[in-house]
Each structure stands twice: as C-alpha cells, then as structure tokens.
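Below is one structure; the comments refer to it alone.
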Amino acid sequence: HISGVVLGVKRSATYLGVLIADNLDWKEHTSDLAHKAHQRLGFARRNLRGCPHKYRELAYTSIVRPLMEYCDTIWDPTVKDHSDKLEWVQRKAARWAKNKPYRRNDGRYDEVSVTGLLRDLNWMELRDRRRKHRETLFYKILNNLIAIDQTIVEYSDRIELKFNSRKQRKKKGASERHSKQLKVLSASDTHSPLWRSTALRTVQDWNNLPAPVAEAAGLTEFKGQLWAKP
C-alpha cells in the first residue's frame, strides 16, 4: 500500500528499453519489438518509394535492424516462434530492398525465394547475428574487458564460469577444440532461472568456436575471425 492505495500487480515492466516479464519469457518483448520494427519499415517504404535498391538496404540496416538488435544479448529468445516474428520483418525488408513484392501488379503471388534474396543481400539471419553478439559479449567477460563478474550468484547457490582442464577427445568431423574450453553445466543447473541468461546459454556456443576465434589475442581480431565464420 502507498497512502492507502493498493498497488497493482504487473506481470511485466520496461527497463532501459527492454520489456522484462516476471517469468523471464521474451514473448511479449519480441512481439512488441517486431511490431515497432514493422512500423519503422513501413515508414521507410513510404518515404523511399522509387529509390535505388542500395538506399533501401541502407535504410533497413541503419534504422530498422538496430531496433531489433538493441540489447539482444540480454533478451535473445530461446523459443523459435518468438524469434520468427523478427525474422519475418527482415524477410519482408528483403523483398522491399530487392523490389520483389509478395503480390505483383497483375494480382498474382510472386514465388521468389526470399532465402535467395537474403543471400544476395548478404543479410545473415537475425538469430545468428544475436548468437555472434552473445559470443562477443562472452569474450569480453572472460577477458575482463567489461565490468561483469565471471561468477553468477543465485541466492545461496554459486555458478562459476570455469575453464575445463580435462582433455577432451575430438569427435570425428568436429572442429579442433580450443584451449579455453569451459565446463558444461550439469542437468541440474539447467533448471535454474538463470539458464536463459547470456553467460549460461553461451557456454556451449563458446566451446564450439574454432580455436583461432576463441584464442584471438584481442577484441578486434576476435570480431574479425568470428564474423568471417559462417
């Protein structure tokens, strides 16, 4: 109560531009983000009608995509349906950038491959871009480039990011394991509410990185190696 008024219960709240739910589910945030991005894409389409393709592409990558990637290392969804809402905006932007509308002037549907358009535009899927952003943040954490403690504390439990000192056998067809392998969390740790956090989710992604990437001497070299990798 405040001054005799009963405070209402909210299931979600916006903090620094990120809509956080009480169960750490990102459905509401991704839906809201996709809606805003679609509105911004509509603004670009209305104001850049008839412009060359390169300006359309520039408009998307400068005013639409950054909106969908703001703080994405924090809210990167684990549910495919949630991330697909954002991918739909990018696929629609690809049609617009290449002037390949879904329905042609004669009323018939265009059966063009949007995947091919994305390949021509050199636009990586947003989920893959978010993964690379998480891996970049992870590199900064492990190399003490940002003020984030490598120990995550949850009530009385303590989950630490520790390097795996045990030698692991290289699986057939797998990339060479690097020297900064981290211990994979046990099954009991996956039930923690923190499992969806950046650090814990990225452990497996980090271990799968090729040795030249994970062992890069500096951040610039790491980014160059990481984004050169498919």
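With respect to the stated conditions, Ala59 fails to be within 23 Å of Gln90 (Cα to Cα), open to solvent by less than 100 Å² (accessible area, probe 1.4 Å) and touching a residue at least 24 places away in the same chain (Cβ under 8 Å). Residue-level check: of (1) under 30 Å from Trp206 (Cβ atoms); (2) in contact (Cβ under 8 Å) with a residue 60 or more places away in the chain, His29 misses just (2).
If you go through region 136-149 and pick out every residue that is in a loop (DSSP other than H, G, I, E, B) and within 14 Å of the chain's Cα centre (by Cα), you end up with 0.
Of all residues in region 203-222, which are small (Gly, Ala, Ser) and over 8 Å from His178 (Cα atoms)?
Hits for region 203-222 are Ala216, Ala217, Gly218.
Working only within region 3-51, note down all residues that are assigned to a strand (DSSP E or B) and aliphatic (A, V, I, L, M). Answer for region 3-51, where residues must be assigned to a strand (DSSP E or B) and aliphatic (A, V, I, L, M): Val5, Ala13, Val18, Leu19, Ile20, Ala21.
Considering only residues of region 64-73 that are at pLDDT 95 or above and open to solvent by 20 Å² or more (accessible area, probe 1.4 Å), which is nearest to the chain's Cα centre (by Cα)? Of everything passing the filter in region 64-73, Glu69 is nearest to the chain's Cα centre (by Cα). Take Leu182 and decide whether it is under 21 Å from Arg130 (Cβ atoms), crowded, with 16+ Cβ neighbours inside 10 Å and either aliphatic (A, V, I, L, M) or modelled with pLDDT under 65 (or both). Criteria met by Leu182. Looking across region 80-135 at every residue that is open to solvent by less than 60 Å² (accessible area, probe 1.4 Å) and assigned to a loop (DSSP other than H, G, I, E, B), the one that is modelled with the lowest pLDDT is identified as Gly107.
The values are calculated or read from the model by the stated rules, or taken from the named source; none is laboratory data. All values derive from a computational prediction rather than experimental measurement. Every residue, glycine among them, receives a Cβ derived from its backbone with ideal geometry; neighbour counts consider all protein chains shown. The accessibility values were calculated without ligands, DNA or RNA, using every heavy atom of the protein model including side chains. Shrake-Rupley method; radii C 1.70, N 1.55, O 1.52, S 1.80 Å.
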